[in-house]
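Student: Have a look at this one before I ask anything.
The values are calculated or read from the model by the stated rules, or taken from the named source; none is laboratory data. The model shown is predicted, which means the values in this text are computed figures rather than measured ones. Here the Cβ is made from the backbone with ideal geometry for all residues, glycine too, and neighbour counts use every protein chain on show.
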Amino acid sequence: MKRRSLLAAGAGALGVAAAGCLGTGNPEPSGLDLTVRNDGDAPVEVDVTVSGDDGTTYADESERVDPGVARAFEVTVGAAGRHEVAVTGADWEGRLAWDAGTCALYDGRVAVGAGTVEVAGECVGRR
């Protein structure tokens, strides 16, 4: 009789330990590391908006970026779904998007020059 209770207690403890190792909690949110660089000769006003496909706005910021300067933005977003960042100025825009379900950390870069906008991004932290 004692042997059965010890075996049952041991099996229960093993189940609890395994559940902790499998990470049954909520997934960590995704993050965006964005750099906006001004390659032009004059300051630019930039608007940065980060949103999810469910309509949530995670960031909505405006900054002045002087010539030859880069500005960094870090934004935490949801753990799943498509997320998009829009970087806009008076007469230009750059957009990037990633899937937070497969990408825990997304690195985006927008460079604004005289009449040009260069956009690049990559997932640097896969789930």
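Student: Does the stretch 36-46 hold any residues that are under 15 Å from VAL119 (Cβ atoms) and acidic (Asp, Glu), and which are they?
Tutor: ASP39
Student: Given the stretch 45-109, what strands (runs of 3 or more DSSP E) lie entirely inside it while holding 1 or more residues that are modelled with pLDDT of 95 or more and among the β-branched types (Val, Ile, Thr)?
Tutor: It comes to 57-65, 70-77, 82-88.
Student: Can you pull out the residues in the stretch 68-92 that are out of contact with any Leu (no Cβ under 9 Å at 6 or more places or on another chain) and more than 14 Å from THR35 (Cα to Cα)?
Tutor: GLY78, ALA79, ALA80, GLY81, ARG82, GLY89, ALA90, ASP91, TRP92
Student: Scan the stretch 47-101 for residues that are under 21 Å from THR116 (Cβ atoms) and of a type in the set (D, E, K, R) and jot them down.
Tutor: Scanning the stretch 47-101 gives ASP47, GLU63, ARG64, ASP66, ARG71, ASP91, GLU93, ARG95.
Student: Just to be sure, is VAL65 surrounded by 13 or more Cβ atoms within 10 Å (Cβ to Cβ) and over 18 Å from PRO29 (Cβ atoms)?
Tutor: yes
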